[in-house]
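Below: one structure, written as structure tokens.
Derivation of every value follows stated rules applied to the coordinates shown; laboratory data play no part. Predicted, not measured: the structure shown is a model, and the values here were computed from it. Quick reminder, even Gly has a Cβ in these numbers, built from the backbone with ideal geometry, and neighbours come from all protein chains shown.
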Amino acid sequence: MTEKEFYKMIGERLKGLREQARIKKIELEAKTGFAASFLSSVENHGKKISAYQLARLCDAMGYTLEDVFGKKKAFASDDFRRRTGARDELLDGCGNGNADGA
């Protein structure tokens, strides 16, 4: 998995969580101070985001970092897998800190 693919997956997951929470980007902008255009770039174009920014966004939406990384199947959408050819085994180590997926 490339770095670009990784950040694209992060963005897609954040967008899914935001939509699930029914929070508009403009509301997140008010809560976090991150411009709605920045949020759009993260969600739609895989713009790099720091761990601190990610944690702030999660907190503002009522989620944790574990919600973003905790479930490998939820981490990348089926659409993303179809477009990139990503496979589950590429994502095995993403949620638990272990490269071997254990």
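Values as computed for the structure displayed
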| read-out | value |
| --- | --- |
| Per-residue Cβ neighbour rank within 10 angstrom, fewest leading, MET9, MET61 | MET61, MET9 |
| Residue pairs, from the table LYS4/LYS31; LYS4/LYS24; LYS8/LYS48; LYS8/LYS31, whose Cα atoms sit over 18 Å apart | LYS4/LYS31; LYS4/LYS24; LYS8/LYS31 |
| Protection proxy ranking of 63-69, 31-37 - average other beta-carbon atoms within 10 Å, highest first | 63-69, 31-37 |
| Modelled FRET efficiency - R0 25 Å, MET1 with GLN53, Cβ distances, 0.05 increments | 0.75 |
| Using θ = phi - 60° and Karplus 6.51 cos²θ - 1.76 cosθ + 1.60, couplings along the stretch 47-55 (whole Hz; Gly, Pro as x) | 4, 4, 9, 7, 4, 5, 5, 4, 5 |
